[in-house]
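These notes concern the structure reproduced below.
Each value in this text was obtained by applying a stated rule to the coordinates, not by laboratory testing. The model shown is predicted, which means the values in this text are computed figures rather than measured ones. Here the Cβ positions follow ideal geometry from the backbone for every residue, glycine too, while neighbour counts run over all protein chains shown.
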Amino acid sequence: MKLSSNTLFHFTREKDFLVSILRNGIFIRYSLETYGKILKSKSELVLPMSCFCDIPLSQISEHRKKYGSYSIGLSKEWGLKNGLSPVLYTHAKSETAKVLNTLSANLENIFDIENSEENQKLLKEYGYKDEEIDLVNSGQYLASKQVREKNEELSKQLGHFLKYVKPYSGTGYSNGNEFRQVKFYDEREWRYVPPKELLQKIEIKDIYKREFYTDEVKRRYINMRLAKHKKLTFKPKDIKFIVVEKEDEIPPMIEKLREIFGQNSSYNDLMILNSRIISLEQIIEDL
């Protein structure tokens with residue numbers, strides 16, 4: 001039995017949402033992520049992302065209970081081309097968590113910043129004049145400024161990296177619902193996270209507090225702001241599966257595919273796309 005799929009699945013709860021994805025692409029949404037005790041200073045964060053999994057269809061029964069019975073499956077080649085990455089699973093007592101906590105707490109100490117008073121005393125002992133010492137110290141100031149700028153850049157990169165970290169198990173959230181005692185490791189998650197530069201350009205944050213997720217109005221506002229500027233698009237050839245809940249939803253979905261892709265696809269391409277529709281009923285019964 002295969003442990004992973006060559007397809008990345010994005011699940012949703014409603015048929016209309018799936019049709020919207022086929023028509024418009026996959027929008028990035030802010031999600032409430034719990035870090036538990038992995039990061040001592042960051043137990044919960046609201047982060048922008050789009051989530052996928054590479055669970056084989058024969059093993060999606062539990063996954064769809066949390067995330068929905070409708071799904072689009074896209075090739076891993078498409079995922080790699082669009083910057084998707086598997087998340088890093090860890091736990092509070094792991095070496096990974098220790099390193100992350102050390103980096104996040106002591107980033108400013110990664111580089112040794114020279115003590116200007118000690119250097120000034122040393123320079124005098126070697127016979128440097130005051131004006132020469134001032135010139136040296138000005139160089140040290142510039143070096144210290146460069147170090148601070150480098151630390152700021154490293155801090156930004158570390159913050160982006162943390163968006164790809166997930167606890168081995170814990171409390172999860174989906175569409176406002178809370179799920180306790182979830183073993184995230186079984187979800188085999190891949191995700192896309194937009195770069196901070198894009199978010200700064202459209203004047204929204206890369207991290208929000210819990211209230212921006214639990215408050216539906218605030219959550220919808222930041223999601224709509226982001227949706228205007230970024231989404232993940234695909235072509236019919238990138239689609240490997242379209243999963244609907246029931247068998248009788250397949251004929252209407254074929255009509256939707258003809259409506260969405262018919263003008264820009266050949267007859268053969270459309271027939272291949274139609275053949276990639278499968279129902280959850282069939283998966284559960286036969287796979």
Segment 90-95 - phi-based ³J(HN,Hα) in whole Hz, Karplus 6.51/-1.76/1.60, Gly and Pro as x: 8, 9, 4, 9, 7, 5
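Please order MET49, MET271 by the number of other Cβ within 10 Å, starting at the fewest.
Details: MET49 18, MET271 11.
By the 10 Å Cβ count, ascending, the order reads MET271, MET49.
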Using modelled backbone amide H atoms (1.01 Å from N, in-plane), which distant-in-sequence or interchain residues come within less than 5 Å of ILE242's amide H? GLY73, ILE277, ILE278
Would you order ARG13, ARG180 from fewest to most other beta-carbon atoms within 10 Å of each residue's own beta-carbon? ARG180, ARG13
Can you run phi through the Karplus equation (6.51, -1.76, 1.60; θ = phi - 60°) for segment 242-248 and list ³J(HN,Hα) in whole Hz, with x for Gly and Pro? 10, 9, 10, 6, 10, 4, 6
Cα gyration tensor shape for segment 176-287, rounded if a/c is under 1.5, else prolate or oblate: oblate
With x for Gly and Pro, the residue-by-residue ³J(HN,Hα) of segment 63-68, computed from phi through the Karplus equation 6.51 cos²θ - 1.76 cosθ + 1.60 at θ = phi - 60° and given in whole Hz, is 4, 5, 5, 8, 10, x
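Fewest to most neighbouring Cβ within 10 Å: what's the order for ILE55, ILE26?
Values: ILE55 24, ILE26 21.
Ordered from fewest to most neighbouring Cβ atoms within 10 Å, ILE55, ILE26 come out as ILE26, ILE55.
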